[in-house]
């Protein structure tokens, strides 16, 4: 089997995995964070879990660049910068700002995330830096890249700001959940998820690739059911929780 044939199979597999994930998570809420429960095997501290699983993506993309033949290409550097802007923060900043980082995370959840992040970094990085079309510097002025890069920054700003609101709800050592207010929390339960969705659909636009689209679709398949489950959890736990708040998309979902 040639690498291109393997790549195409892996790409189709990502879309199939997204469909399976959406169906599965609509029925079973992933057992971490507020939904942690027994029966999913050995666990590890959640901070360590976040660092390890997200570092795979943070390190995987530059590895793909080094293995490709476009290491000095300005478009490749731009794509790498976008990717690392998200994943360096997600792997090495976000985990240490969370409150309750010693809470357990099932090792099985972390292992699944590691596999996904390696798979995803391969699909996106290998396409951009070796298998996909060569793009010269004019791509950086293409409306698809410009709009995608701008939306990516908007999505990350939403994501980081929403996480900051959540971090501010607890003092050092506090584990109790509270109802967040401010920013897009006024409209949806999980604006941090909304920001991440904006980021990766923007990435798909900027890269104009099926690999980017597969990542965005999988992100939606993973985050949309969890946002719905989180909204349901807040409504059950807090009698005064604003019922007009949607789960993920303002006024829609």
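The values are calculated or read from the model by the stated rules, or taken from the named source; none is laboratory data. What you see is a predicted model; the values in this text were computed from it and never measured. Cβ atoms come from the backbone with ideal geometry, glycine included; neighbour counts cover every protein chain shown.
For the reader, a short list of remarks on this structure follows.
- Single residue of the range 7-34 satisfying the filter (loosely packed, with under 13 Cβ neighbours inside 10 Å and within 17 Å of residue 209 (Cβ to Cβ)) that is farthest from the chain's Cα centre (by Cα): 9
- The residue that is nearest to residue 166 (Cα to Cα), among those in the range 34-61 that are out of contact with any helix residue (DSSP H, G or I) (no Cβ under 7 Å at 6 or more places or on another chain) and assigned to a loop (DSSP other than H, G, I, E, B), is 36.
- The residue list 253, 248 contains one member that is out of contact with any helix residue (DSSP H, G or I) (no Cβ under 6 Å at 6 or more places or on another chain), part of a loop (DSSP other than H, G, I, E, B) and under 21 Å from residue 24 (Cβ atoms), which is 253.
- Residue 106 being over 21 Å from residue 212 (Cβ atoms) and without any contact (Cβ under 8 Å) to a residue 40 or more places away in the chain: no
- Note on the range 197-230: residues that are at pLDDT 95 or above, in a helix (DSSP H, G or I) and more than 19 Å from residue 19 (Cα to Cα) amount to 7.
Conditions tested, residue by residue: (1) more than 30 Å from residue 38 (Cα to Cα); (2) under 16 Å from the mean Cα position of the chain (by Cα).
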{"residue": "87", "(1), (2)": "no, yes"}
{"residue": "113", "(1), (2)": "no, yes"}
{"residue": "121", "(1), (2)": "yes, yes"}
{"residue": "127", "(1), (2)": "yes, no"}
{"residue": "137", "(1), (2)": "yes, no"}
{"residue": "143", "(1), (2)": "yes, no"}
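- Of the set (1) surrounded by fewer than 17 Cβ atoms within 10 Å (Cβ to Cβ); (2) in contact (Cβ under 8 Å) with a residue 40 or more places away in the chain, all apply to residue 112 but (2).
- Residue check for residue 91: assigned to a helix (DSSP H, G or I), within 16 Å of the chain's Cα centre (by Cα) and farther than 19 Å from residue 199 by Cα: no
- Some residue of the range 152-169 being more than 19 Å from residue 205 (Cβ to Cβ), outside any helix (DSSP H, G or I) and at pLDDT below 95: yes
- Taking the conditions (1) touching a strand residue (DSSP E or B) at 6+ places or on another chain (Cβ under 9 Å); (2) part of a helix (DSSP H, G or I); (3) surrounded by fewer than 21 Cβ atoms within 10 Å (Cβ to Cβ) in turn, residue 184 satisfies each one other than (1).
- Taken over the range 130-151, the criterion of being in a helix (DSSP H, G or I) and within 16 Å of residue 11 (Cα to Cα) is satisfied by 130, 131.
- Test result for residue 64, crowded, with 18+ Cβ neighbours inside 10 Å, within 16 Å of the chain's Cα centre (by Cα) and part of a helix (DSSP H, G or I): no
- Tally, over the range 14-32, of residues that are touching a residue at least 12 places away in the same chain (Cβ under 8 Å) and either under 27 Å from residue 91 (Cβ atoms) or assigned to a strand (DSSP E or B) (or both): 11
- Residue check, residue 105 in contact with a helix residue (DSSP H, G or I) (Cβ under 7 Å, 6 or more places away or on another chain) and not in a helix (DSSP H, G or I): yes
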